[in-house]
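Quick notes on the structure that follows.
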Amino acid sequence: MPRRPIHIKPKLEYLAILDGSGTVDEALDPRLDADKSLYLYRLMLLSRRLDERCINMQRQGRIGTYGPCRGQEAAHCASVIAMEPEDWVVHAFREPGSFIHRGWPIERVLQFWGGYEEGCSPPEGGRELPIAVPIATQMPHAMGLAWGMKLRDDKHAVLCYGGDGATSEGDFHESLNFAGVYRLPVVFLIQNNQWAISIPIEKQTASETLAQKSLAYGFDGIQVDGNDPLAVYAITKEAVEKAKRDGGPTLIEAVTYRLSVHTTADDPTKYRAQAEVDKWEKLDPIPRYQKYLVRRGVLNEKLIGEIEADVSAEVTAAIQRFESAREVDPLDCFAYMYAEPAPELLEQREEFRAALQREGIGKGH
Amino acid sequence: MAQMHMVAALNKALDDALRMDDRVVLLGQDIGVDEGVFRVTADLLKRYGEKRVIDTPLAEGAIVGGAVGLALYGLRPVAEIQFSGFDYQAFHQVEEHVSRYRNRTRGRFGLPMVIRMPCGGGIRAVEHHSESREAIYAHTPGLRVVMPSTPRNARALLLESIRHEDPVIFFEPKQVYRAFREEVPDEPEFMPIGKAQVVRSGADITLISYGAMMRATLEAGDLLAETDHVSVETVDLLSMAPLDTESIVQSVAKTGRCVIIHEGPRRCGIGAEIVARIVEKILDHLEAPIRRITGYDTQFPYFARERAYLPNADRIAHAAREVLAF
């Protein structure tokens, strides 16, 4: 009846490939080809510029509250590009680059934060779930999608985003547990941006890492430098390939930082020091990746300028499309409630229609 | 045709659904090897295998949230919550996602899924095993909420719920599970969601109920007919959301008098909604105030007090007599 250590099978690792100064570990570099490298750079930049414009638009009253992703571009853009089109991507709410990569028109992002359900409507055939505001509630859906793949013997996988706050929710733990029990092809990617509004990570959990939470559910966890696009890409790719080989789920903790506000309704000076933000600014994923690409000869000054102009024009065009399609019919509240609405609902719809008519309210309100 | 109780009829519906549509999967705690704590899933694991009839870990939120993912993937999940008293651990999924997906994706992703749960009192069960909370779900936009009352309509309603394009909360009145048998046809039957049934025609008063309370309601009708020579009309709602306003209004317009019976608490209950609709539509047809015989706005008692607590035929008949005498 000895007292002895228990050795468990799942493993916990840390991965970084490209550091803040742009120095790369050549042996680990996934060596994305020039096209894909530039594509990722552009996607990250597009997310950043869209983010900045959204904050301005909120300040001007052109959209509602916005939750920015500044600083987290590598964590979501470099992971989503590791997925194949037939895979599914399940979102939280700080991954605009993922929607863009998966073919959602950019104005969908603006529509969501601008107060239009249209922002949650995927394009035809879309295998992405829309933004989920209630924390961690999207994770069981990712688990369920992966369960469907497994039951149907489809060799696809699911990528599911969440934040550090989500790891305290029951839905996170229940999803990981089911995924472990059924060995489901799902990759949970936690963007640990250090803050859940005002609650720092050390008040969110007593665990040394978030990645280790997978160990309790019987599968591997990996902590990755979430501001390192090469590491995020490499590890997501590896986890997805493992999932498709029936190797089961993976929990990735992408260690990153929310450089901006929680949402535009938030004032972070109330709970965190500027010195901390300054420290993380130096670890910003975009300049880091830019330096690396310049060193590799993939990017140069001229190209940087061209991409910048191109991205800016793309965002501007999306804003124009968003703002020119603001007229919606309030009666649409009834249009998608059920496949076939019951008489009681149609009656209310008529009541609403009559009220709108009386009050002279139509499209555009 | 075979005589069977409600448990066997529900089992037959699940068997039909699994056989007819390979997208149908059942998931829940103890539904496989153990065949369900009430044996509703008897033999189904043996017949269809563990890819169709799935025992899950003990987590209501992941059962319902997982079913959302399965439905999004194109399957037709039928999730079992072992007792409705434990559904609150999944209610956030129902309110935040199950009820909303079609609308928020502008019709791109509907969720054809069923959440089955045994409800109601009367079986001497432990705490949290006897509540009736259909009103909470009926209050949630985006759901269908149904409750059968007999073996035959249980089978037909469940089959309809499984082929329905929107999420259905399927309450099973467990007091009826093995209470009586009824002829159930061999061929699959479907019963539209949102349609009430007039199960007894009459001219003097309308009794409206559903689920397990249909038995006490019918018994009260017999009592009133035999001892008071009253012509009683009885409506079985079957669907709490949507509510069949037309059938309710038609009956009460004819009789002018109405008693509504349910197990769930009175305040903001299904009865309150029925009263509102009658008053809105046909106030001038009413000959007397409407009465509600329901669970009280108390906790459902532990089982030592449940027989005394549950609405019964005497109380229904008593209320009906007062309404008739008004």
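Bear in mind these aren't lab numbers, they're just calculated from the coordinates by the rules spelled out. In this text the structure is predicted, and so the values were computed from the model without any measurement. So basically every Cβ, Gly included, is an ideal-geometry build from the backbone, and we count neighbours across all protein chains shown.
Structure summary
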{"quantity": "Where A:Ile55 falls short, out of the listed (1) within 21 Å of A:Leu189 (Cα to Cα); (2) more than 14 Å from every other protein chain (Cβ to nearest Cβ)", "calculated": "(1)"}
{"quantity": "Residue satisfying condition, being of a type in the set (Phe, Trp, Tyr) and assigned to a strand (DSSP E or B), within set A:Tyr161, A:Tyr257, A:Tyr233", "calculated": "A:Tyr161"}
{"quantity": "Per-region count, segment A:96-153, residues facing chain B (nearest Cβ under 8 Å) and in a helix (DSSP H, G or I)", "calculated": "15"}
{"quantity": "Unmet requirement for B:Gln93, which otherwise passes all of (1) in contact with a helix residue (DSSP H, G or I) (Cβ under 8 Å, 6 or more places away or on another chain); (2) within 16 Å of B:Arg144 (Cβ to Cβ)", "calculated": "(2)"}
{"quantity": "Residue ID - farthest from A:Asp284 (Cα to Cα), chosen from residues in segment A:1-27 that are among the aliphatic types (A, V, I, L, M) and surrounded by fewer than 15 Cβ atoms within 10 Å (Cβ to Cβ)", "calculated": "A:Met1"}
{"quantity": "Members of segment B:212-250 found to be within 14 Å of chain A (Cβ to nearest Cβ), over 23 Å from B:Leu286 (Cα atoms) and in a loop (DSSP other than H, G, I, E, B), listed by number", "calculated": "B:Leu238, B:Pro242"}
{"quantity": "Residue list for segment B:85-119, restricted to those being touching a Lys or Arg at 6+ places or on another chain (Cβ under 6 Å) and more than 11 Å from chain A (Cβ to nearest Cβ)", "calculated": "B:Pro118"}
{"quantity": "Segment B:71-114, residues that are of a type in the set (Asp, Glu) and crowded, with 22+ Cβ neighbours inside 10 Å", "calculated": "B:Glu80, B:Asp87"}
{"quantity": "Residue among B:Asp166, B:Asp204 that alone is farther than 20 Å from B:Pro265 by Cα, within 10 Å of chain A (Cβ to nearest Cβ) and either surrounded by fewer than 24 Cβ atoms within 10 Å (Cβ to Cβ) or polar (S, T, N, Q) (or both)", "calculated": "B:Asp166"}
{"quantity": "Residues being within 12 Å of A:Asp228 (Cβ to Cβ) and in contact (Cβ under 8 Å) with a residue 60 or more places away in the chain - total across segment A:6-39", "calculated": "13"}
{"quantity": "Count of residues meeting criterion [in contact with a His (Cβ under 7 Å, 6 or more places away or on another chain) and more than 26 Å from A:Gln60 (Cβ to Cβ)] in segment A:301-333", "calculated": "0"}
{"quantity": "Criterion: within 11 Å of another protein chain (Cβ to nearest Cβ), touching a helix residue (DSSP H, G or I) at 6+ places or on another chain (Cβ under 9 Å) and hydrophobic (A, V, I, L, M, F, W, C) - qualifying residue of B:Ala154, B:Ala135, B:Ala125, B:Ala79", "calculated": "B:Ala79"}
{"quantity": "Residue list for segment B:23-73, filter: of a type in the set (D, E, K, R) and either more than 14 Å from every other protein chain (Cβ to nearest Cβ) or out of contact with any Leu (no Cβ under 9 Å at 6 or more places or on another chain) (or both)", "calculated": "B:Asp30, B:Asp34, B:Glu35, B:Arg39, B:Asp43, B:Lys46, B:Arg47, B:Glu50, B:Glu60"}
{"quantity": "Among (1) facing chain B (nearest Cβ under 7 Å); (2) part of a loop (DSSP other than H, G, I, E, B); (3) among the small types (Gly, Ala, Ser), the one test that A:Ser175 misses", "calculated": "(2)"}
{"quantity": "Members of segment B:207-233 found to be touching a Gly at 6+ places or on another chain (Cβ under 7 Å) and surrounded by 24 or more Cβ atoms within 10 Å (Cβ to Cβ), listed by number", "calculated": "B:Leu207, B:Gly211, B:Ala212, B:Val232"}
